[in-house]
Amino acid sequence: MTSPISRLPTAAAIYAAGDLLIKAGNFLLLPVLTHYLTPEDYGVMAGVMTFAMIVCLILQLNLNGAMMRFYCDCS
């Protein structure tokens, strides 16, 4: 069994690759969005994305708290 420290670079690379793929996908969709969306649609999309970011932040805080809580219970 490998130690968690030795798996850290691989896990960090996978996490970073996922984040970069999402950002690359958003960048590649930019011409499609500018062609089909009206200015009113941009306002709706901005509101939805703001709500999603706030929910994501709240969920991440809850996950970190759970990890710290159950760390001591792990064998």
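A few points about this structure:
- Nearest 10 degrees, 0 to 90: helix 39-71 Cα axis against the chain principal axis: 10 degrees
- The stretch between Met53 and Thr2 holds 14.9 nm of extra length on full extension. This uses 0.36 nm per residue minus the Cα-Cα distance.
- Heavy-atom surface of the chain, accessible at 1.4 Å and reported per residue (Å²): 93 Å²
- Share of Cα-Cα pairs in the chain lying beyond 15 Å, as whole percent: 76 percent
- In order along region 19-27, the phi-based Karplus estimate (6.51 cos²θ - 1.76 cosθ + 1.60, θ = phi - 60°) of 3J(HN,Hα) comes to 5, 5, 5, 5, 5, 5, x, 4, 5 Hz; Gly and Pro are listed as x.
- Solvent-accessible area assigned to carbon and sulfur over the chain amounts to 77 percent, based on a 1.4 Å probe.
- Most fluctuating residue given options Ala46, Ala12, Ala24, as computed from a GNM of the chain linking Cα atoms under 10 Å: Ala12
The values are calculated or read from the model by the stated rules, or taken from the named source; none is laboratory data. Note that the structure is a prediction, hence the values are computed from the model and not measured. Heads up: the accessible areas ignore ligands, DNA and RNA and are worked out on the full protein's heavy atoms, side chains in. Shrake-Rupley method; radii C 1.70, N 1.55, O 1.52, S 1.80 Å.
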